Amino acid sequence: MFKYLRLILAVPLLLIAVSCSTQQTTSAPGTDPELEAKARAALQTLVDDAPRTQQLQQMAKAILVFPDILKAGFIVGAQGGKGVMFGPDGKVLGYYTARAVSYGLQAGGQTFSEAMFLMTDSAVSYLNSSDGWSVGMGPSVVVVDAGMGKSMTTTTMKSDVYAFIFGQQGLMAGLGVQGQKISKYNP
């Protein structure tokens with residue numbers, strides 16, 4: 001029993017240590033060319049896999065791309081990653097972190113990418129003016145799956161934000177309660 005209790009307590013500590021580690025390789029203050037390149041490549045992968053997202057991209061006020069989010073857990077889980085917000089013209093508007101904790105029947109680990117298409121000026125300004133954006137609070141977010149991504153049209157797109165999760169690798173199984181917080185940071 002003691003062995004399992006130590007294991008349950010060790011996993012969250014390991015997750016916190018991994019999510020807090022920072023290794024910066026920037027060429028200029030306030031930029032992260034490596035993260036930017038990964039984010040552009042991840043967005044291109046999404047567009048290649050779901051061509052209708054290109055239409056969504058053209059209508060978006062901004063696109064927030066997290067190329068590598070790591071999720072791991074055993075009963076208690078955590079996920080985190082860094083991302084880039086691009087303007088409609090492809091210019092970098094800022095750098096963000098996404099963090100989440102979850103609790104429930106779960107075990108495993110995986111990495112994935114996430115792209116959030118911010119469709120309104122109010123969604124962009126809310127993200128930039130608030131002290132972090134908790135998904136579930138603020139603008140309405142629609143998580144789009146592969147089937148919906150193929151059938152989207154300009155008449156069905158009415159939400160503030162559309163989120164795509166793609167490129168999953170690894171194995172994460174279970175049910176849990178989770179909330180994601182997105183915050184701005186300076187590289």
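The values are calculated or read from the model by the stated rules, or taken from the named source; none is laboratory data. Not measured: the values here are computed from a predicted model. Methodologically, a virtual Cβ is constructed for each residue, glycine included, from the backbone with ideal geometry; neighbour enumeration extends over all protein chains shown.
Checked against (1) of a type in the set (S, T, Y); (2) in contact with a helix residue (DSSP H, G or I) (Cβ under 9 Å, 6 or more places away or on another chain); (3) farther than 22 Å from S125 by Cα, T45 passes all but condition (2).
Do you know which of the residues in the range 86-106 that are of a type outside the set (F, W, Y) and under 11 Å from the mean Cα position of the chain (by Cα) is farthest from G132 (Cα to Cα)? So the residue we want is A100. Could you check the range 155-169 and list, in sequence order, the residues that are assigned to a loop (DSSP other than H, G, I, E, B) and either within 15 Å of T45 (Cα to Cα) or modelled with pLDDT of 85 or more (or both)? Within the range 155-169, D160 is the sole residue that qualifies.
What do you reckon, is D131 exposed (fewer than 14 other Cβ atoms within 10 Å of the Cβ) and modelled with pLDDT of 90 or more? Walk me through it before giving the result.
Details: exposed (fewer than 14 other Cβ atoms within 10 Å of the Cβ): yes; modelled with pLDDT of 90 or more: no.
In short, no.
Scanning the range 101-122 for residues that are buried (at least 16 other Cβ atoms within 10 Å of the Cβ), at pLDDT below 90 and of a type in the set (A, V, I, L, M, F, W, C) turns up just one, V101.
Of the numbered criteria (1) assigned to a helix (DSSP H, G or I); (2) surrounded by 13 or more Cβ atoms within 10 Å (Cβ to Cβ); (3) at pLDDT 95 or above, the one P12 fails is (3).
Conditions (1) surrounded by 13 or more Cβ atoms within 10 Å (Cβ to Cβ); (2) outside any loop (DSSP other than H, G, I, E, B); (3) modelled with pLDDT under 85; (4) of a type outside the set (D, E, K, R), marked per residue:
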residue	(1), (2), (3), (4)
V143	yes, yes, yes, yes
T153	no, no, yes, yes
L171	no, yes, yes, yes
G176	yes, yes, yes, yes
P187	yes, no, yes, yes
